[in-house]
1. Looking at the range 95-111, which of its residues are buried (at least 17 other Cβ atoms within 10 Å of the Cβ) and under 15 Å from Glu29 (Cβ atoms)?
2. Considering only residues that are in contact with a helix residue (DSSP H, G or I) (Cβ under 6 Å, 6 or more places away or on another chain), outside any helix (DSSP H, G or I) and surrounded by fewer than 23 Cβ atoms within 10 Å (Cβ to Cβ), which ones fall in the range 158-197?
3. Here's a check for you: in the range 6-23, which residue that is modelled with pLDDT of 95 or more and under 15 Å from Ile156 (Cα atoms) is surrounded by the most Cβ atoms within 10 Å (Cβ to Cβ)?
4. Asp217 versus (1) at pLDDT 60 or above; (2) over 17 Å from Glu29 (Cα atoms); (3) of a type in the set (D, E, K, R): which is the lone unmet condition?
5. Say we look at the range 220-241 and pick out the residues that are outside any helix (DSSP H, G or I) and loosely packed, with under 12 Cβ neighbours inside 10 Å; which of these is modelled with the highest pLDDT?
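The values are calculated or read from the model by the stated rules, or taken from the named source; none is laboratory data. Predicted model, so just to flag it, every value in this text is computed and none were measured. Cβ: placed from backbone, ideal geometry, glycine included. Neighbour counts: every protein chain shown.
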Amino acid sequence: MATSTAVPKDAQAGLVIGFDADDTLWHNEIYYRQAAERFRALLGAYQAPEQIEKTLSEFEVRNISLYGYGFKSFTLSMIEAAIAITARQAPAELIDSILQIGRGMLNGEVLLFEHARDTLRRLADDHVLMLITKGDLLEQGNKVRRSGLAGFFRYIEIVEDKTPESYRALLDKYAIPARRFLMVGNSLKSDILPVLEIGGRAIFVPYEHTWAHEHADGRGRSHHEIEHLGQLPSLIASLDA
């Protein structure tokens, strides 16, 4: 998904700033945590909470290669975990309850982080902004539209995963030199390290509820870190100076 296919004249001259979406611009992991809590309550008669959580996590990680990232993938993982936990005896009512949890995740409010809208407004005046989010095309596209932030971005890209190769392909697509690209996000694994590997720059915005699967060791890597998005414009101004 892209809002434009034309290469901007300033892409090769000015700084192009990429933004992660989930848990960088708006809350996302909280919905997984709420869903997992409801799932544990549903299966409480079958196993201890810690074992339920372990089984669900195993299915969730294993299924990434099959279903990708997102709420729909998580819903399928909950169903598979329930079947395993109940020794293939999960009643229809239980499966229906899990589907309701999944629908609730998909229909949940897009809750923006403080400073997100104002920061994008300030930066969009002088920079090319690109939104790069991974996951299901329809699911992520709906969140982008409902967020009310789409208008700030020159480009909106939804990718299956964030790897050095996928970032390199996006920069090639828009003829953006890696040295002029800066990525902002909450995941060292997805938003920071792959961009540094291809010669770009990155700003890490830690989030206390980042999914454990997105954790990585960023020690010794040259990236900036801020506490919240409100600090981003001044940092970028210093980089541009």
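1. Met105, Gly108, Val110
2. Ile158, Val159, Thr163
3. The initial filter retains those residues of the range 6-23 that are modelled with pLDDT of 95 or more, namely 16-23.
Filter once more, so that each one left must be under 15 Å from Ile156 (Cα atoms): 16-22.
Numbers: Val16: 24, Ile17: 24, Gly18: 26, Phe19: 28, Asp20: 21, Ala21: 23, Asp22: 25.
The residue in question is Phe19.
4. Tallying (1) at pLDDT 60 or above; (2) over 17 Å from Glu29 (Cα atoms); (3) of a type in the set (D, E, K, R), Asp217 fails exactly one: (1).
5. Applying the first criterion (outside any helix (DSSP H, G or I)) to the range 220-241 yields 220-228, 241.
Retained after the next criterion (residues that are loosely packed, with under 12 Cβ neighbours inside 10 Å): 220, 222, 227, 241.
Working: Gly220: 53, Ser222: 77, Glu227: 95, Ala241: 53.
Here the residue is Glu227.
A quick yes/no check of all residues on (1) at positive phi; (2) in contact with a helix residue (DSSP H, G or I) (Cβ under 9 Å, 6 or more places away or on another chain); (3) in the same structural domain as Asp125 (by TED's automatic domain parsing); (4) surrounded by 17 or more Cβ atoms within 10 Å (Cβ to Cβ):
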site: Phe39; (1), (2), (3), (4): no, yes, no, yes
site: Ala45; (1), (2), (3), (4): no, no, no, no
site: Arg62; (1), (2), (3), (4): no, yes, no, no
site: Ala87; (1), (2), (3), (4): yes, no, no, no
site: Glu114; (1), (2), (3), (4): no, yes, yes, no
